[in-house]
Amino acid sequence: MAGPLKDLRVVEFAGIGPAPFCAMLLADMGAEVLRITRPGAKRDAHDILSRGRADWALDLRAGGSAERVLDAIAKADVLIEGFRPGVMERLGLGPAQCHARNPRLVYGRMTGWGQHGPLAHAAGHDINYIAISGALHAIGRAGEAPVPPLNYVGDFGGGAMLLAFGLLAALHEAKASGQGQVVDAAMTDGAALLSAMMYGFKSAGQWSNQRGENMLDGGAHFYDTYACADGKYVAVGAIEPQFYALLRERCGLAEDTAFDAQMDSARWPLLKLRLADVFRTRTRDEWCLLLEGSDACFAPVLDWDEAPRHPHNVARGTFTDVGGVVQPSPAPRFGRTAPVMP
């Protein structure tokens, strides 16, 4: 193993979504991750979230299984589980039992609602967790229903990455105290945390509850996606005045005084229509030749097949091919302790 976490030992209880993604992040960085799976479970090369770790098929409800797992936990630094509250305790593998065997263990718990609260024991998915955080309400077009942002905000951003951050923070603290602790990562908490800047804007009177009418939610003409002549899309985000001026210049709008009042939100709907007409005059590739790589804050909107072939992604090795399965490479990059590809 290689990478900045090459000396870290992790026991992961197999699940779906955020807990496996968190374990993948650690494995990508070189951690030795032992994943406990159900008997008969088979590894699928297309299950990218399971990469980089070994499987241990074990019936956790069978007699003696808890003791076998505790033997592994005694040698581990981190535990990751994503069951409903109380499940691990009923298996004899709750924090009390694990810390009795390994006081330094960092015990990571990944749930949607958290370990306590009125909803803690209810079923749910990403869309439900981001709904009560305020995040889902803010995503979508004006006058239309909220749009689920895939499961980026709850499962992966507010869930897995928050748990990974919490685990590493607890490991850092354990170096001084010699004591592990429970890290309770809830997707409701994480989705709310990801919304910190927007809550700040709202408090300052700079953000409205109305979807699609704010600067960063598609309300502004200079921060949105536009269809091109070939039906493909481009994305522009020219917020700063100098970048906005360059966008206008490249689009032939430098002398159009209607675009002078950039931050007048009352004019945004009309200016969006005007800019949409401009972008429909060329294909996406033609706009790339004119704008990509400039300070106009421009990018083509690429699909799953196009993104791995984009020259910038190729140059950085953003994607890799593992056994015929194209997938994102480990990130971020490290100057001395670079991890190996999965």
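Observations on the structure shown:
- Cubic angstrom per residue, convex hull over Cα atoms of the chain: 172
- Whole-Å distance, taken between Cα centres, linking region 144-196 and region 3-35: 15
- Neighbours of Ala185, meaning other residues whose beta-carbon lies under 12 angstrom from its beta-carbon, give a summed charge of -3 when Lys and Arg score +1 and Asp and Glu score -1.
- Annotation: amide H-H contacts under 5 Å for His125 (H modelled 1.01 Å from N, sequence separation of 5 or more, or interchain): none.
- For the chain, share of DSSP beta bridges that run antiparallel, in % to the nearest 5: 35
- Pairs of alpha carbons in region 9-194 whose separation is greater than 26 Å (percent): 31
- In the chain, helical runs assigned H by DSSP with n ≥ 4 each contribute -39500 (n - 2.57); averaged across all residues and rounded to the nearest 500, the mean residue ellipticity at 222 nm is -8500 deg cm²/dmol.
- Each residue of region 166-174 is assigned a 3J(HN,Hα), and the resulting list reads x, 4, 5, 5, 5, 5, 4, 5, 5 Hz, derived from the Karplus form 6.51 cos²θ - 1.76 cosθ + 1.60 (θ = phi - 60°), x at Gly and Pro.
- Selection among Ser65, Leu26, Phe298 by position relative to the dipole of the chain gives Ser65 as farthest towards the positive end (Cβ unit charges, Cα centre).
- Over region 223-300, equivalent-ellipsoid semi-axes from the Cα gyration tensor in Å: 19, 14, 11
- Backbone phi angles across region 140-155, fed through the Karplus curve with coefficients 6.51, -1.76 and 1.60 (θ = phi - 60°), yield HN-Hα couplings of x, 7, 4, x, 10, 5, x, 10, x, x, 6, 10, 5, 6, x, 4 Hz in residue order; Gly and Pro are listed as x.
- Positive dipole terminus of the chain, leading residue within Ile36, Leu119, Gly3 (C-beta point charges): Ile36
- Under-5 Å amide H pairs with Arg104, H placed in peptide plane, nonlocal only: Gly180
- Assuming charge only on the beta carbon of Lys and Arg (+1) and of Asp and Glu (-1), the dipole of the chain about its Cα centre is about 980 debye to the nearest 20.
- Of the residues Phe334, Phe279, the one with the fewest other Cβ atoms within 10 Å heads the list, and the complete ranking is Phe334, Phe279.
- Karplus-derived HN-Hα couplings along region 24-32 (A = 6.51, B = -1.76, C = 1.60, θ = phi - 60°), whole Hz, x at Gly and Pro: 5, 4, 5, 5, 4, 8, x, 5, 8
Quick note: the coordinates plus some simple rules give every number you see, no bench work behind them. All figures in this text were calculated on a predicted structure; none of them were measured in a lab. Note: ideal-geometry Cβ built from the backbone for every residue, glycine included; neighbour counts use all protein chains shown.
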